[in-house]
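Let me begin by presenting the structure, written as structure tokens, before commenting on it.
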Amino acid sequence: MNRKNLSIILFVFFLTVFVSCEKKQPKEEVITEAVYQGEKDMAWAIAHYVEYPPEEMKFNRAGIVKVSFEVDKKGKVNQVEVIVDEEIKAAEIAVARKRLADKEVLPLNFPVLESLIKSVEKLNFQPAKKNGKPVSSTVTTSVEFMLI
């Protein structure tokens, strides 16, 4: 076998290997986030749907909570988790804004947080998509409470 034939054979071999490697590489995934579907923004909807327990209305409650939830493939909310951010004192923020000046401010309690969970469960989303197909995803946001 002469050098020219050997060169052609090697070229074809490497070209075949290169093309087969190209085909095996996965396509770049295109992922979009879940999008809230409502008449106004998500913060407005959460505040609108919260039904404060009547027995809590006489108290000044303030706090900032982190809300995390799953949006399923159909855009429905599941597995709502609420975490009170103890490091950020919403009561101090409220007093600084003079919204609760000269009033006792109490931390958030379970009935208020339970109401928040129910309001988040009422939200509707366009689900996240991966390569054009609906997938479940997690959404996280913060909610500031100042019940005055």
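Here is a yes/no grid of residues against (1) closer than 16 Å to Glu121 by Cα; (2) at pLDDT below 80; (3) not small (Gly, Ala, Ser):
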| position | (1), (2), (3) |
| --- | --- |
| Ala34 | yes, no, no |
| Gln37 | yes, no, yes |
| Tyr52 | yes, yes, yes |
| Lys74 | yes, no, yes |
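For segment 116-138, state whether one or more residues are at pLDDT below 90 and part of a strand (DSSP E or B). Among the residues of segment 116-138, not one is at pLDDT below 90 and part of a strand (DSSP E or B), which makes the answer no. Of the listed requirements (1) at pLDDT 85 or above; (2) buried (at least 17 other Cβ atoms within 10 Å of the Cβ), Val65 misses just one: (1).
The values are calculated or read from the model by the stated rules, or taken from the named source; none is laboratory data. Just so we're clear, the structure is a prediction, and the values are computed from it rather than from any experiment. Every residue, glycine among them, receives a Cβ derived from its backbone with ideal geometry; neighbour counts consider all protein chains shown.
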